[in-house]
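The values are calculated or read from the model by the stated rules, or taken from the named source; none is laboratory data. Keep in mind that this is a model prediction, so the values were computed, not measured. Cβ atoms come from the backbone with ideal geometry, glycine included; neighbour counts cover every protein chain shown. In case anyone asks, the SASA skips ligands and DNA or RNA and just uses the protein heavy atoms, side chains included. Shrake-Rupley method; radii C 1.70, N 1.55, O 1.52, S 1.80 Å.
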Amino acid sequence: MSATLYDYWRSSAAYRLRIALGLIGIPYRAVPVDLLKGEHRGAANLARHPQGLVPTLEIDGLTLTQSLPILEYLDETRAAGFLPADPAGRQRVRALACVIAMEIHPVCNLSVARHAAEHSGGGITMQGWMHAFIPRGLAAFETMLESPATGRFCHGDGVTLADICLVPQLYNARRWEVDLAPYPRIGRIAAELDAITAVRAAHPDNHKPED
């Protein structure tokens with residue numbers, strides 16, 4: 001089963017789907033949507049995604065938006081193991097994923113950070129904004145990992161929704177030069193994830209458009 005992913009190479013949400021599709025082994029055609037050129041606000045992208053965002057995934061005759069529901073769809077239809085079998089485990093994994101996808105990511109979206117910087121009268125820089133919010137979220141995530149449910153990865157010994165959300169967030173943290181030393185549990189899990197071929201293949205550097 002092939003698919004089409006409308007993607008932007010640095011989009012955290014699109015990065016999550018690249019990881020998931022690679023882990024499951026679903027081949028896909030990547031269609032770039034250049035956010036810097038405003039292509040996400042064009043009629044073609046709005047027809048796919050009424051919010052004017054990425055990613056959009058076309059699969060199984062469906063047009064799907066919003067990365068977390070898409071990940072859950074892939075889990076339910078492909079038995080990917082992204083969510084544990086037990087309700088308590090699913091709640092924990094969703095909570096970890098939401099720390100990143102619902103708390104850190106929205107406020108650190110480039111459009112939000114740029115708006116804050118541009119309207120601060122010089123009082124806020126993009127990097128300063130990121131440094132105000134990314135460490136706060138990662139600190140909470142690190143504390144939540146202090147649990148017997150944490151294993152090789154964020155929850156047990158299989159890659160879950162939480163890990164798929166963590167990888168792109170760490171990419172952004174490094175991009176903005178956030179110090180990751182205070183988060184040793186995250187660092188250990190990140191090293192495990194970096195050893196997975198599908199995770200490495202999804203890295204933005206492998207999807208950057210040619211100049």
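Between Arg188 and Thr77, what length comes free when the chain is fully extended (0.36 nm per residue of separation minus the Cα-Cα distance, one decimal in nm)? Please list the in-between numbers first.
Working: separation 111, 0.36 × 111 = 39.96 nm, distance 3.03 nm.
Length gained, Arg188 through Thr77: 36.9 nm.
Over the stretch 1-156, calculate the relative contact order: mean separation of alpha carbon pairs under 8 Å at least 6 apart, over the residue count, as a percent.
That works out to 17 percent.
Highest GNM mean-square fluctuation, the chain, Cα pairs closer than 10 Å: which of Ser120, Ser12, Ser67?
Highest fluctuation of the listed residues: Ser120.
For the chain, with a Gaussian network of springs between Cα atoms less than 10 Å apart, report the residue from Ile134, Ile164, Ile59 with the top mean-square fluctuation.
Ile59
Using just the helices of the chain, give the 222 nm mean residue ellipticity in deg cm²/dmol: DSSP H runs with n ≥ 4 each add -39,500 (n - 2.57), and the total is spread over all residues, rounded to 500.
The helix contribution divided over the chain gives -15000 deg cm²/dmol.
Can you tell which of Leu35, Leu138, Leu161 shows the greatest fluctuation in a Gaussian network model of the chain with Cα springs below 10 Å?
Ranking Leu35, Leu138, Leu161 by mean-square fluctuation puts Leu35 first.
Hey, what did the stretch 21-94 get for relative contact order, percent, Cα under 8 Å, at least 6 apart?
Taking the mean separation of contacting Cα pairs over the length of the stretch 21-94, I get 15 percent.
What length, rounded to one decimal in nm, is gained on full extension from Ile124 through to Ala195, with 0.36 nm per residue of separation minus their alpha-carbon distance?
Numbers: separation 71, 0.36 × 71 = 25.56 nm, distance 3.68 nm.
Taking Ile124 through Ala195 to full extension adds about 21.9 nm, to one decimal.
How much accessible area per residue does the chain have, counting only protein heavy atoms and a probe of 1.4 Å, in square angstrom? Write out the running numbers ahead of the final one.
Working: 10270 Å² over 211 residues.
So the chain comes to 49 Å² accessible per residue, rounded to a whole number.
So if we plug the beta-carbon distance of Cys98 and Ala43 into 1/(1 + (r/R0)^6) with R0 = 41 Å, what FRET efficiency do we get, rounded to 0.05?
Once rounded, the FRET efficiency stands at 0.80.
At 0.36 nm per residue, and after removing the present C-alpha to C-alpha distance, how many nm does the segment from Lys208 to Thr143 gain when stretched out fully?
Net length gain for the segment: 20.1 nm.
Using the Cα centre of the stretch 134-211 as the reference point, and only Cβ charges (+1 on K/R, -1 on D/E), how large is the resulting charge dipole? Debye, rounded to the nearest 20.
140
Just for the chain, what percent of DSSP beta bridges are antiparallel, to the closest 5?
55
So, with +1 on the Cβ of K and R and -1 on the Cβ of D and E, and no other charges, what is the size of the charge dipole of the chain about its Cα centre, to the nearest 20 debye?
Here the chain has a charge dipole of around 120 debye.
Carbon and sulfur together cover what percent of the accessible area of the chain at a 1.4 Å probe radius?
Within the chain, the accessible surface is 55 percent carbon and sulfur.
Could you tell me which residue out of Pro50, Gly137, Ala85 lies farthest along the dipole of the stretch 22-146 toward its positive end? Charges go on the beta carbon: Lys and Arg +1, Asp and Glu -1, centred on the Cα centre.
Pro50
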